[in-house]
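Each reported figure results from applying straightforward, stated rules to the coordinates on display, with no laboratory input. Remember, it's a predicted structure, so these values are computed and weren't measured experimentally. As a convention, Cβ positions derive from the backbone with ideal geometry for all residues, glycine included, and neighbour counts pool all protein chains shown.
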Amino acid sequence: MNARTLAQYEARADILKALAHPARLLIVDELSKHGERCVCELTKLIGSDMSTVSRHLALLKGAGIVEDEKRGQMVFYRLRVPCITSLFECIASVMACNAERHRDLMA
């Protein structure tokens, strides 16, 4: 494998790592369904303190999944690439297949 190909796989892995937490998946899902949200709204949704939510958002932003916009004292976040929800649909399909396979094994 050449260095360019390896770098592409590492970049993909970094994006998946940024998503690999239930709170970050919830943030992405919320932004995909309801558009932009301020940190305070996401804090209420997740049930964590603002610094924890801000760290989650910083990881998502660093991976290029979300972008932010400061308006006065508030910071609003939105999906940078809405197509990320296609990944969620794919994951749901894998989960459904796994459940079906599990049912077949138990029968």
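Below, the figures for the structure above:
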item	result
Output for the stretch 58-107, where each listed residue is assigned to a helix (DSSP H, G or I), in contact with a helix residue (DSSP H, G or I) (Cβ under 7 Å, 6 or more places away or on another chain) and of a type in the set (A, V, I, L, M)	L59, L60, I84
Residue that is surrounded by 12 or more Cβ atoms within 10 Å (Cβ to Cβ), over 19 Å from P82 (Cα atoms) and within 13 Å of the chain's Cα centre (by Cα), where the choices are V53, V28	V53
Residue list for the stretch 1-51, restricted to those being polar (S, T, N, Q) and part of a helix (DSSP H, G or I)	T5, Q8, S32, T43, S51
